[in-house]
Amino acid sequence: MNIKKLIKIDSFLGPVLIVLLRPASILLGTILGRDHDLVIRKHLVVMKIKGGGSLLLTMPAMLSLRKKYPDKKLTLVASAEVKPFAELMGVFDEIVVVDTSNLFTLFFSSIGALRKVWRADALVNFEIHSKLATVFSCISCARNRFGFYHNMNSWQKDVITHLFFYNINSPIYINYNQVALVLGAEILPYEDVSDYFVKHNQLGTYQSDERSMDVVLAPFCSDLGKEREFLPEHWTTILKRKFENRNPTLIILGGAKDIENAARLESHLKNSIPDLKVRNRAGQTTLKESAIIMKSANEFITIDSGLNHIARLAGGVQITSYWGPTDPATRLAPFPGLSETIVYKKMFCSPCVHSVAFPPCKGNNICMKQYVKEDLHEYSTGGWIIISNSATPKNI
């Protein structure tokens with residue numbers, strides 16, 4: 001299922017199940033009088049179904065918990081697309097996959113996952129906006145169930161035992177760190193987290209066959225917030241400007257789902273910048289192989305993407321990232337010594353990803369286009385009023 005279908009199912013089915021579960025949760029909580037001491041005795045479970053890049057943002061918290069409880073079982077419940085990111089982290093003893101291909105597989109794989117995490121000491125739900133994730137957490141009967149609340153998801157009350165305030169305007173990694181801190185862990189410096197990441201994945205020992213590649217380009221992101229991406233013609237403008245006095249070799253990275261878009265980008269770049277040597281590796285490398293290629297490059301250019309978070313953890317490469325519908329201050333932890341250029345011109349409607357279900361521009365991502373166009377539409381300078389879902393924005 002694509003992300004839009006998942007959101008619709010979550011929005012429809014989730015509230016119904018929560019309403020049904022709430023009375024039982026309150027009653028059983030009163031009758032059983034369970035011990036809610038904030039200590040991990042045997043088993044800690046973390047849930048992150050979507051967003052491999054977002055999972056990497058939990059790395060300081062997860063590694064700190066791993067060091068605090070080295071002999072306790074740490075399980076991740078995730079989708080297949082998130083699993084490779086989790087494997088790079090090297091902190092989980094077990095990764096339980098929930099199949100989101102369709103409603104049938106979602107239901108039965110969730111049942112299987114519940115059997116593996118049943119009555120854990122704690123279940124941490126990092127799917128902050130998902131109602132079905134809250135349902136899963138409740139049914140798991142974990143002794144402590146951690147969730148995050150803000151005005152728009154107050155429905156978690158009475159089905160989650162411990163709610164942390166989630167400030168959407170604050171760095172998300174600080175919100176994640178709350179869980180580790182309350183469980184007695186001490187958050188490690190980002191430099192230590194990076195060192196662990198490099199050693200776990202042996203990134204310092206591998207020599208990539210792409211060593212001659214000067215620049216790596218990661219132009220794609222997850223299905224959530226495609227407004228973060230540039231069009232091929234936008235990349236042409238950016239790279240022409242960036243490579244004005246040099247002629248590097250460019251390698252394009254991406255996943256299997258990006259193959260078609262990567263082919264279009266490759267064709268456009270070759271036609272528009274004939275002297276540019278382009279190698280398209282989208283869909284041809286594992287996530288670890290991509291990390292090796294990035295660390296071996298002279299420069300890494302990207303948007304708000306999962307590969308950007310891997311490049312930051314790996315270090316050793318000059319990073320340039322472009323931001324529009326997301327605010328880098330809420331996603332990028334300070335990393336002293338990292339060679340990084342963050343390009344972000346805040347517009348009145350930014351950030352919108354993770355704040356609203358559908359962007360006000362309806363995909364006309366002027367926040368990204370501003371980096372390549374001088375004659376932006378008049379809507380970019382004033383407020384917008386949305387009449388209905390089918391209406392176009394009107395200037396006010």
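Quick notes on this one:
- Flag if L17 is open to solvent by less than 70 Å² (accessible area, probe 1.4 Å) and within 20 Å of the chain's Cα centre (by Cα): no
- Taking the criterion of being touching a residue at least 24 places away in the same chain (Cβ under 8 Å) and in a helix (DSSP H, G or I), the residues of region 157-191 that qualify are I172, Y173, N175, Y176, N177, V179, A180, V182, Y190, E191.
- Just one of (1) open to solvent by 10 Å² or more (accessible area, probe 1.4 Å); (2) more than 19 Å from Y173 (Cα to Cα) fails for T75. It is (1).
- Qualifying residues in region 145-173 (those that are among the small types (G, A, S) and at pLDDT below 90) - the one least open to solvent (accessible area, probe 1.4 Å): S170
- Identity of the residue in region 319-373, of a type in the set (A, V, I, L, M) and part of a helix (DSSP H, G or I), that ends up surrounded by the most Cβ atoms within 10 Å (Cβ to Cβ): M368
- Region 174-198 - residue that is open to solvent by 50 Å² or more (accessible area, probe 1.4 Å) and touching a strand residue (DSSP E or B) at 6+ places or on another chain (Cβ under 8 Å) and, of those, farthest from Y69 (Cα to Cα): Q178
- Considered as a group, the residues in region 199-242 that are open to solvent by less than 80 Å² (accessible area, probe 1.4 Å), more than 17 Å from L56 (Cα to Cα) and small (G, A, S) include one that is modelled with the highest pLDDT, and that residue is G225.
- G337, sole failed condition from (1) within 20 Å of the chain's Cα centre (by Cα); (2) in contact (Cβ under 8 Å) with a residue 60 or more places away in the chain: (1)
- In region 34-46 there is at least one residue matching the filter, namely being crowded, with 19+ Cβ neighbours inside 10 Å and within 17 Å of the chain's Cα centre (by Cα).
- Region 1-101 holds helices (runs of 4 or more DSSP H) entirely within its bounds, and those carrying 2 or more residues that are among the hydroxyl-bearing types (S, T, Y) and modelled with pLDDT under 85 map to 3-32.
The values are calculated or read from the model by the stated rules, or taken from the named source; none is laboratory data. As the structure is a computational prediction, the values presented were derived from the model and not from experiment. With ideal geometry, Cβ positions are generated from the backbone for all residues, glycine too; neighbour counts draw on all protein chains shown. Areas reflect the complete protein model, heavy atoms only, side chains present, ligands, DNA and RNA absent. Shrake-Rupley method; radii C 1.70, N 1.55, O 1.52, S 1.80 Å.
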